[in-house]
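For reference, the structure discussed in these notes is given below.
The values are calculated or read from the model by the stated rules, or taken from the named source; none is laboratory data. What you see is a predicted model; the values in this text were computed from it and never measured. No Cβ is skipped: glycine too gets one built from the backbone with ideal geometry, and neighbour counts run over all protein chains shown. Please note that ligands, DNA and RNA were not included when accessible areas were found on the heavy atoms of the full protein model with its side chains. Shrake-Rupley method; radii C 1.70, N 1.55, O 1.52, S 1.80 Å.
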Amino acid sequence: MRSFHRGWFFFLLLLLPFVFTETPGVTAPNFIPLAEIKPGMKGECYTVFKGEKIESFPVEIVGVVEGSGAVRNFILVKFLGGSEGPCISAGMSGSPVFIENRLAGAVGYGFQNADPRYGLVTPIEDMLKLWDEPANLSREVYYFQSGGLAGFKGVVFGEENTGDLFLQARPVATPLLLSDPNPRAFRLLSSGLPGNLVPVASGSQARVKRKNGGERNFQPGSSFSVLLADGDYQVAALGTITWIEKRRFLGFGHPFLNRGIVEYGAGGAYIHDVIHSEMMAFKLGTAFPARARVTRDRGAGVAGELGTTPQMVKISTRVLDKETGREGEYSFQAIRDERILPGLALAGVLSFIDRTLDRIGPGTATVRFTVTGENLPPIERENIYYGEDIAVVAIYEIGRFLQLLAGNEFVPVKIDEITVGVEVTAERLRARLTRLDLPKKEFSPGEEFTATGVLLPFRGEEVKIPLEITIPEDFPPGEWIISAHGSSYKMTVGEEEEEAGEIPAMDAGDGLGDLEAVTSLEELVKKFLARPANSDLVMEAYPLYAPEDPGDDNGESSSGKKWTFPTGYYLLGEKQVTIKIVTEETMENKENEEETTGDSGTKSAPER
């Protein structure tokens, strides 16, 4: 491996602040136009293989492919140096290629199941457009315009099957640096990320800073990180800077998340080494805190600004393990992208719970969370959860609520801060409703009575919960069903998923159908927060024969009524009894008869 030519390269860097007084064209003296690039030409590629030292290695132009996508052309290059020389590796995305001391473009793509010494370079003229106009890479077939490889007609992007006559190009894989490589947390995170990301554990920032004495400035060929989350939980993509101009930078040479106008953090990076593997070599590194921001993420690469950082969401979490007394307080910041934020928040909080508990298993958790931000009413929620994998079960409602905000159809939401408090006990505070007892079978409108819910806690003795009920004055005579059950909106996962340590799907059915009729964000939030908690015993009354006018969806009319009672347990089970609503006159006659015959009341069938 040859070191880069320090003389001309640093001379170039010194000139950068003074070269352009306007936005450069493709014929600017520091760029080589695509029209001048010919097969057989030699060049130098710049990247970091270890530490922060930029090194160069020779490349040869093999050909130019042309298609009809937004990025019309790509340059096929071969890395020189023989079988022991450099090859395409994850984290090399954006590495600049210079020909005759002029920038041609950035390494952006490699080939599936092919020689790793070959790659595609995204022309600099297309990358410069990132600052001005959109360019989304389509799934196109590109034919060799000049040069080429024997036996191949060109290159195809994406999954399109074109037989063996085309090289199948894919973006150079991007190392995704994780401060906690917890696979459970990554499952939550990965649902909103592309498949070309390679999750790897990141190194310690503090250790690197002591060794290196600080971060170096962004330079063409230097490693940099795109930060999705930073702090006690860090998620950062590793790439290479292609070009710097007037406090703006270009990198990657291919889309990262391909989201168009964005606001991601960007910071320096330290490369510990290049790890070789059978699939693809990858750079192992450490991401530094954000000191710039990415503002464009399109087909030709990413573009951003130096000296300004993005507005991010602060996520603070406190976890208490009541069994051991261990407590942890954590904080990190995440990007505001509403499609990714729920996964980032859940992954971070799950990581913190796992770190504090240091176990995977059953238990009960009390979770409190608040959310503040623009266009949001006050949001505070407390709930209790039980499950065989308590860490996974405990976080679901938070993520579902964030997803609900992100998908709301009323107003954009800019979340500023999320706070989460989690208290976990190994005690299984779960109970099943085994019986519902009523003092009698017939009631009159307006009558007050006390029902009894009989609960059987996990491996415990029966507990009787008094339920104070008042029959609404507008209930008409007739037969009615009294139903008692736990909350119908339980945020949980199936036993099979829990046993396998699987993460619940974000779109799983969770009793949110009643929110579809809302007409404002305020109403959406109000309904979500007003739903019964998992520890509530819910009693509902509704006619045995449905009336023609069912009333509103809360049943707060003559068609039904709902009461809730706290129990202190994660409640399961349902019981029903049938009662009769009668007039006061009928009730008086019945009471006279009962003086001689007696009445044993009514009970639901006991649980077997």
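Details
- Other residues whose C-beta falls under 13 angstrom from the C-beta of Ser93 contribute a net charge of +1, scoring Lys and Arg +1 and Asp and Glu -1.
- For the range 308-417, the equivalent ellipsoid derived from the alpha-carbon gyration tensor has semi-axes of 26, 15, 12 Å in decreasing order.
- Rounded percent of accessible protein surface that carbon and sulfur make up, the range 229-376, 1.4 Å probe: 45
- Sum of side-chain charges, Thr295 neighbourhood, beta-carbon under 10 Å (Lys, Arg +1; Asp, Glu -1): 0
- Inter-label distance, nm, simple model (7 Å from Cα along the C-beta direction), Glu60/Glu473: 9.5
- J(HN,Hα) series, the range 250-265, from Karplus relation 6.51 cos²θ - 1.76 cosθ + 1.60, nearest Hz, glycine and proline x: 10, x, 6, x, 7, x, 8, 10, 6, 9, x, 6, 9, 8, 10, x
- Cα convex hull volume per residue for the range 335-374 (Å³): 93
- Cβ crowding within 10 Å averaged over residues, with 31-39, 54-62 ranked highest first: 54-62, 31-39
- Proximity of backbone amide H atoms, modeled 1.01 Å from N, is registered between Gly221 and Ile241, Thr242 at under 5 Å, excluding neighbours fewer than 5 places apart on the same chain.
- Gyration tensor verdict on the range 285-335 (Cα atoms; rounded if a/c is under 1.5, prolate if a/b is larger than b/c, oblate otherwise): prolate
- Nonlocal amide H pairs with Asp416, under 5 Å, H built at 1.01 Å: Thr372, Gly373, Glu374
- Residues in the range 296-305 carry Karplus couplings, in order, of 9, 9, 9, x, 8, x, 10, 9, x, 10 Hz; the curve used is 6.51 cos²θ - 1.76 cosθ + 1.60 with θ = phi - 60°, and Gly or Pro positions show x.
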